[in-house]
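The values are calculated or read from the model by the stated rules, or taken from the named source; none is laboratory data. Note that this is a predicted model, so its numbers are computed, not measured. We place every Cβ from the backbone using ideal geometry, glycine too, and count neighbours over all the protein chains shown.
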Amino acid sequence: MTSDVSTTLTPNIIETIDFEQALTRAKSKFISLYPIDEQQAWRDVLALESEPVTKLLETATYLELLLRARINDAARANLLIYAKDKDLDRLADFYGLVRLTAETDAAFRERIVLRIRASSTAGPAVHYRYHALSASQDVADVFVDSPRAGLITIAVIGKDSVASPALINTVAGYINRPDIKVLTDTVQVKAATVKNITVDATIYMLPDASTAVFDGLAAHLQSAVGSQLGLGRDLTQSWLIHTLHVEGVQRVVLNSPTTDIVISNDQAARIDTVNLTMGGRDY
């Protein structure tokens, strides 16, 4: 399962843009151009929203902020943590990577990061994870383990929540290439196990919510499992309720599962059956 890079720490090159602060700065500069004995009069004039000079300063400030925002965008396009679409493709060129067919920005970004970390020698786990994810566009997630020295096991799950024998053979053939596999390692590729779960819930809708919202909940839940839950990710009751609690839903009563489903590192949760009952409408 891919995960986007954390954007918690904003780099210094990205400027915080504030219109009111910029406008105040522009007014102060404008006022400072006049003699001291005339400045208070201009402060009073520029305090009026209807004043034409105020409108001109607001327009100039807005245009300035558009330019600053464009500079911010250009800076983000050159940072792996923020780059998207073709900007991300061009950053990947530096590491000799090409986006796989239909690969999302988040998945591609993760592969780039893994490629950087995998450059270490001695076959770290990220080395095999990177190459396993690169073996086929149908690989959704992998888990790399070393139960004993020299033995590497790679559990693979496909984008359809399973790993077909053909996909396993593709990954195994790719990983065991002489230019990828560490000489002293024995690499075994296997299909990740899938734990099938039945979800049963009673859904209460808001009075004005469309019935189409309820009708689409099962598909929405299945899609969320595929895009958000990967290998080793527990299927919790709180996640299920949160996922079903879309706009238009008043409350969700989860009947099954009755406990959180614990998933091991080489397993993935898959919702096999979804039973949703319309409980009614209320506030």
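The condition of being surrounded by 15 or more Cβ atoms within 10 Å (Cβ to Cβ), within 30 Å of ALA269 (Cβ to Cβ) and in the same structural domain as ALA163 (by TED's automatic domain parsing) holds for only one of LEU100, LEU91, that being LEU100. In segment 131-166, the residue that is surrounded by the most Cβ atoms within 10 Å (Cβ to Cβ) out of those that are β-branched (Val, Ile, Thr) and closer than 18 Å to ARG270 by Cβ is VAL156. Listed conditions (1) touching a residue at least 40 places away in the same chain (Cβ under 8 Å); (2) of a type in the set (D, E, K, R); (3) not assigned by TED's automatic domain parsing to the domain that holds THR236 are all met by ASP200, apart from (3). Residue pairs whose Cβ atoms lie under 6 Å apart, sitting 6 or more positions apart in sequence or on different chains, and linking a residue in segment 262-274 that is closer than 10 Å to ILE197 by Cβ to a partner that is among the polar types (S, T, N, Q) and surrounded by 18 or more Cβ atoms within 10 Å (Cβ to Cβ), are ARG270/SER161.
Among residues of segment 33-79 being hydroxyl-bearing (Ser, Thr, Tyr) and in a helix (DSSP H, G or I), the one that is surrounded by the most Cβ atoms within 10 Å (Cβ to Cβ) is THR61. Taking first residues from segment 132-143 that are of a type in the set (Gly, Ala, Ser) and partners that are assigned to a strand (DSSP E or B), the Cβ contacts under 8 Å between residues at least 6 apart in sequence or on separate chains come to ALA132/VAL139; ALA132/VAL142; ALA132/VAL144; ALA132/ILE154; ALA132/VAL156; ALA132/VAL189; ALA140/ILE157; ALA140/GLY158. On the given criteria, is TYR174 touching a residue at least 12 places away in the same chain (Cβ under 8 Å), aromatic (Phe, Trp, Tyr), out of contact with any Phe, Trp or Tyr (no Cβ under 7 Å at 6 or more places or on another chain) and assigned to a strand (DSSP E or B)? For TYR174, the condition - touching a residue at least 12 places away in the same chain (Cβ under 8 Å), aromatic (Phe, Trp, Tyr), out of contact with any Phe, Trp or Tyr (no Cβ under 7 Å at 6 or more places or on another chain) and assigned to a strand (DSSP E or B) - is not met.
When ASN176, ASN196, ASN169 are checked against the criterion of being within 30 Å of ARG115 (Cα to Cα), in contact with a strand residue (DSSP E or B) (Cβ under 9 Å, 6 or more places away or on another chain) and loosely packed, with under 13 Cβ neighbours inside 10 Å, a single residue qualifies: ASN169. Listed by first and then second residue, the pairs linking a residue in segment 19-34 that is free of Cβ contacts under 8 Å to residues at least 12 places away in the same chain to a residue that is buried (at least 17 other Cβ atoms within 10 Å of the Cβ) and among the hydrophobic types (A, V, I, L, M, F, W, C), with Cβ atoms under 7 Å apart and 6 or more places separating them unless they lie on different chains, are TYR34/TRP42. Of the numbered criteria (1) modelled with pLDDT under 90; (2) in a helix (DSSP H, G or I), the one SER6 fails is (2).
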